[in-house]
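Undergrad: Dropping the structure in here first, questions after.
What follows is calculated from the coordinates using simple rules that are stated; it is not laboratory data. A quick note: this is a predicted structure, and the numbers were derived from the prediction, not measured. Don't worry about glycine lacking a Cβ; one is built from the backbone with ideal geometry, like all the others, and counts go over all protein chains shown.
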Amino acid sequence: MNAAKCVIALVACLLTCVPAFAADAIKIGAILSVTGPASFLGEPEKNTLIMLQDQLNAAGGVNGQMVEVIVYDDESDVNKCVMAAKKLLDQDQVAVVIGPSISGNTLAISKFFSSAEVPLVSCAAAEKIVRPVDPWVFNTPQLDRHAVTRILQDAKAKGYSRLAILTVSDGYGQAGRSVLKELIPAQGFELAADEVYGPKDTDMTAQLTKIKGAAADAIICWGTNPGPAVVARNRVQLGLTVPLYMSHGVASNKFIELAGEAAEGLVLPAGRLVAVEQVPADHPQKAVLEAYVEGYAKAYGTQISSFGGYAHDAFALVMEAIAKGDSAKSTDIRDNLEKISGFAGTSGVYTYSPENHNGLDESAFIMVTIENGAWKALN
Amino acid sequence: MDPSSLLQYLITGLTLGSTYGLTALGFTIIFNTTGVINFAQGEFVMLGGMMSVYFMHSLGFGEPAAVVLAVLGATMAGALVERLAIRPVRDCPAINLIIITIGVSIFIRGLAMLLWGKDTHVLEPFSGNQPIMFLGAAIMPQAIWVLVISLFLLGALKMFFSGTIHGKAMLACSFDSKAASLVGIGVQRMVLLSFMISALVGAVGGVILAPITMTSYDVGIMLGLKGFAACILGGLGNPFGAAAGGVILGVLESFGAGFVSSAYKDALAFVILLILLFVKPSGLFGLKDSKRV
C-alpha cells in the first residue's frame, strides 16, 4: 500500500513539476540541415544555436526566463523538413522557429507559419523568401542581389565592360544566375558568355575555354565548394589571365585549402566574419564578431564557419525582439522583430520593417581578396 | 572555333574519359567472372582517393607510400566486400547480388563520411602543377599520368586475361561457373580475385584522378554512374569496349559543353548513349548474346 502511495505521489509530482518547468522556458524551434549535402551550412548553425542557448541560460536567460532550443535535422531533404515544421508547430508548440538552412526547404514550409501565426526566421538567402513579404517570414543572410551589386561596383571601378558568368546548376547557382542576368545589363555591362556547370562536375576547362573565346574582361563564378575551387584551378591551368570574381558562397577557409595557389588574387564579396581582425575597431559589428569567434573557439575548439553566423543572427534577433517587447508570445515576437532597427549581427546591421524582412543592404558585404593563403579586406 | 580550343576540348575529354574508362573496367572484370554488376565500383574509386589523402595528410606518409598503401587498402576492401557481402549469399540469383552491391556502396559511403568527414580534399599532383603548352592548349602533367597509367592498366589486364592461367580461369567462370568448377577451377577463389582486381583498378583510378578532380566521400556516385554508362556504351563484358566507351563518353561531354551548351552536357552524352543503344543494343564493341538452350 505504501509503495503504491509513493508511486502515486511521484507521478503527481512529475505531472505538476514538468509542465511548470516547461512553461518557464521559452521554446525555440530550429530546423537545420545538419546532415546531407547542405551539412556545411547546418552543422555550424546547429553548433552556434546550442552554444548561444547555453551562454544565454548561464547568464540568466532573457527577461528572467530560460530558453530551450529544439533542433531537428531535415537531412537537407524537403519532406523531412515539412515533417519537422509540423512537429514543431503542432507538438512542441514553439514560440518561434529558426531555419531551415536551405532556400528550397524554407519556401516549402513558409506557408504553414502564417496559418499557425508563428514567426519563422530563415537562415537561407533566396530572395523569394522575403519578396514579396510574408508577414510571418524573415531571413538573416545577405541577399544575392547585395553580393552582385558589390561585384558590379568593383567591376565598374576597374573599368570592365564585358562580363562572363559561370554558374552551378543547383538552386544557389541558378538564383545567382537570374540576378546576374538582370543586373549585368541594367548596370550597363555586356554579358559576354553565360556558362553552367553541374554541382558534381570535376572539370570546367571546356566552359573556361569557351569563355576565353568570348573575350570577356572578367568572369563571375557563382557556386559553393568544391566547384568554384575547380574553376579557380582550371583557370590557372589554362593559363587564363582574365580576372575571376567568386560569390560569397565560397567565403570560408575550405575554399582556400581546396583551390590552393589558384585562389591567390581572386576577389569576392564576403561578410565581415571572414576577416574579423581586419574590421576597424569602431565598426558597430566588431564586438559581436569577436564575441562569436571567441565563444565558438572556446565551445568547440574549431574555427567558425561564416555560415553559422546566419543562425547566430537569427537567434540574436529573436532574443532582441523578446527582450524589447518583454514578451515571448509568437505574435509579439513577430511585431517586435519588425521594429528592430540598427541591430548589429555577424552578417551585417539589421533594420527590419513591415516592408523589409531581410533587414540588410549591400553594406553587409566587404570585398575581400586572397593573399598568401589568407583573406584580406579591400576597402 | 579555333584549333587550339578544339584541342583543349579533346584533351579535357580524354582525361575525363580515362576516369570513366577505369571505372568501367572495374565493372567489366566483376561482370566477367560473376555476371553481377557491382554498383559499389564507384566507392572503390572513392576509397583510392580518400585513403591517399588520409595516409598522406593525417598519418604523414610521403605521396608514393600513401598512394601504394591506399591502393592496397582498397584492394583489401574489395576482398572484404566479397567475403562478407557476396560469398554468404553466393547461391542467390544475380539480381539479388546486384541489390546487395547497392547496399554495400551506401554502407562504404556512410563509413567514409563518418571516418573522414564530409569535406572535399585535394591531393598534390604527382609532378607539379605547371601546365605544358602544346599548340595553344594547356596539358596538365597529371593528365599525362592519367592517360599513361590507364593505358598501362588496360594492357596489363589484357595480358592477364588472355596470357595467364588465372585470367583464363576467370573468363571460364563467366561463361559457365558449373562447367568451370567441374574442370577444377576454384570458382569462389576466382570471384574473390575478381573483386580484388576490380577494387585495385578502381582505386588506381581514384588515386591518379584525385589531384585533378579532388575527392570527397561521395565522388563515387557520379563516377559509378558514368562508368556504368561507359560500360554499356562499349558493350558489357568487353574490357576494351569499356575503356573505349569511357573515352568516347568523356570526349562527347567535353565537346558538348564546348559547342552546344555546358548546361546540357550530361544530357547530351546520355542522349547519344540512348540513340546508340536503340541502333545497336549490345553496345559498340559488344558481341551478340547467343541464347543457350
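Undergrad: 7 Å from Cα along Cα→Cβ at both residue A:66 and residue B:72: what's the point-to-point distance in nm?
TA: That separation, rounded to one decimal, is 5.5 nm.
Undergrad: Give the relative contact order (percent, whole number) for chain B; include only Cα pairs under 8 Å separated by 6+ residues.
TA: That works out to 36 percent.
Undergrad: Right, something else. Which order do B:116, B:145, A:136 fall in if you start with the one that has the fewest other Cβ atoms within 10 Å?
TA: Ranked by crowding around the Cβ, least crowded first: B:116, B:145, A:136.
Undergrad: Whole-Hz ³J(HN,Hα) for each residue in the range A:138-150, computed from phi via Karplus 6.51 cos²θ - 1.76 cosθ + 1.60 with θ = phi - 60°, x for glycine and proline: what do you get?
TA: With the stated coefficients, the range A:138-150 comes to 10, 9, 10, x, 5, 7, 3, 4, 5, 5, 4, 4, 4 Hz.
Undergrad: How long is the gain from residue A:161 to residue A:25 if the chain were fully straight, where each residue apart is worth 0.36 nm and the alpha carbon distance is subtracted?
TA: 43.3 nm
Undergrad: Here's a follow-up. Around residue B:208, what is the net charge, scoring Lys/Arg as +1 and Asp/Glu as -1 over all other residues with Cβ under 15 Å from its Cβ?
TA: Around residue B:208, the surrounding residues sum to -3.
Undergrad: For the range A:225-379, calculate the relative contact order in percent as a whole number, restricting contacts to Cα pairs under 8 Å that are 6 or more residues apart.
TA: 26
Undergrad: Oh, and also: Using 13 Å as the cut-off for backbone N distance, which residues of the range B:136-164 belong to the label zone defined by a point 7 Å from the Cα of residue A:261 along Cα→Cβ?
TA: B:141
Undergrad: Putting +1 on Lys and Arg Cβ atoms and -1 on Asp and Glu Cβ atoms, find which of B:141, B:95, B:21 reaches farthest to the positive end of the dipole of the range B:1-148.
TA: Among B:141, B:95, B:21, the one farthest towards the positive end of the dipole of the range B:1-148 is B:95.
Undergrad: Report the FRET efficiency, 1/(1 + (r/R0)^6), for residue A:133 and residue A:376, where r is their Cβ-Cβ distance and R0 is 45 Å, rounded to 0.05.
TA: The computed FRET efficiency comes out at 0.75.
Undergrad: To make sure I understand, if each residue's beta carbon is the centre and we count other beta carbons within 10 Å, what order do B:54, B:20 fall in, fewest to most?
TA: So the ranking, lowest neighbour count to highest, is B:54, B:20.
Undergrad: For n ≥ 4 DSSP H runs only, could you compute -39500 (n - 2.57) per run for chain A, divide by its residues and tell me the 222 nm figure to the nearest 500?
TA: -14000 deg cm²/dmol
Undergrad: Over what distance in Å are the Cα centres of the range A:125-153 and the range A:350-370 separated?
TA: Between the Cα centre of the range A:125-153 and that of the range A:350-370, the gap is 8 Å.
Undergrad: Please list, in chain and number order, the residues 5+ apart from residue A:267 or on another chain whose amide H is under 5 Å from its amide H, with Hs placed from the backbone.
TA: Those qualifying (amide H under 5 Å, at least 5 residues apart or on another chain) are A:244, A:246.
Undergrad: Can you give the mean number of other chain Cβ atoms that lie within 10 Å of the Cβ atoms in peptide A:204-215?
TA: Partner Cβ neighbours, averaged per residue: 6.
Undergrad: Give the calculated FRET efficiency between residue A:287 and residue B:127 to the nearest 0.05, with a Förster radius of 51 Å applied to their Cβ-Cβ distance.
TA: 0.55
Undergrad: Other chains' Cβ within 10 Å of B:120-131 residues: what's the mean?
TA: Mean shielding by partner chains, rounded to a whole number: 3.
Undergrad: Follow-up question, since we're still on this one. Once you sort the root eigenvalues of the Cα gyration tensor of the protein assembly as shown as a ≥ b ≥ c, which label holds: rounded (a/c under 1.5), prolate (a/b larger than b/c) or oblate (the other case)?
TA: Judged from the Cα gyration tensor, the protein assembly as shown comes out oblate (a/c at least 1.5, b/c at or above a/b).
Undergrad: Taking the simple approach of a point 7 Å from Cα along Cα-to-Cβ for both residue A:115 and residue A:86, what is their distance in nm?
TA: 1.1
Undergrad: Could you list B:168, A:80 in order of exposure, starting from the residue whose Cβ has the fewest other Cβ atoms within 10 Å?
TA: Exposure proxy ranking, most exposed first: B:168, A:80.
Undergrad: Which ³J(HN,Hα) values, rounded to whole Hz and listed in residue order, are derived for the range A:100-113 from phi using the Karplus coefficients 6.51, -1.76 and 1.60 in 6.51 cos²θ - 1.76 cosθ + 1.60 with θ = phi - 60°, glycine and proline given as x?
TA: Once θ is set to phi - 60°, the couplings for the range A:100-113 become x, 6, 10, 5, x, 5, 4, 5, 5, 9, 4, 5, 5, 7 Hz.
Undergrad: Between the range B:192-257 and the range B:81-146, how many Å separate their Cα centres?
TA: Going from one Cα centre to the other spans 9 Å.
Undergrad: For residue A:98, list long-range residues whose amide hydrogen, built 1.01 Å from N in the peptide plane, is under 5 Å from its own amide hydrogen.
TA: Distant-sequence amide H within range of residue A:98: A:29, A:30, A:31, A:121.
Undergrad: Oh, and also: Pull out the extension gain between residue A:297 and residue A:324, defined as 0.36 nm times the separation in residues minus the alpha carbon to alpha carbon distance; nm, one decimal.
TA: 6.8 nm
Undergrad: Determine the dipole magnitude for the protein assembly as shown: charges of +1 sit on the beta-carbon of Lys and Arg, -1 on that of Asp and Glu, nothing else is charged, the reference point is the Cα centre, and the result goes in debye to the nearest 20.
TA: The calculated dipole for the protein assembly as shown is roughly 2200 debye.
Undergrad: For residue B:107 paired with residue B:259, estimate the spin-label separation in nm (one decimal), with each label point 7 Å from Cα along the Cα-to-Cβ line.
TA: For residue B:107 paired with residue B:259, the spin-label model returns 4.6 nm.
Undergrad: Which ³J(HN,Hα) values, rounded to whole Hz and listed in residue order, are derived for the range A:311-324 from phi using the Karplus coefficients 6.51, -1.76 and 1.60 in 6.51 cos²θ - 1.76 cosθ + 1.60 with θ = phi - 60°, glycine and proline given as x?
TA: For the range A:311-324, the Karplus-derived couplings read 6, 4, 5, 4, 5, 4, 5, 5, 5, 4, 5, 5, 5, 4 Hz, x marking Gly and Pro.
Undergrad: Please list, in chain and number order, the residues 5+ apart from residue A:194 or on another chain whose amide H is under 5 Å from its amide H, with Hs placed from the backbone.
TA: Amide H to amide H, under 5 Å and 5 or more residues apart or across chains, residue A:194 pairs with A:165.
Undergrad: Could you grab the Rg to Rh ratio for chain A? Cα atoms only, Kirkwood for Rh.
TA: Rounded to two decimals, Rg/Rh equals 1.04.
Undergrad: For helix A:171-186, what angle does its Cα long axis make with the longest principal axis of chain A, in degrees from 0 to 90 and rounded to 10?
TA: The helix A:171-186 is inclined about 50 degrees to chain A.
Undergrad: Run the numbers on the range B:105-180 and let me know its relative contact order in percent, using alpha-carbon pairs under 8 Å that are six or more apart.
TA: 12 percent.
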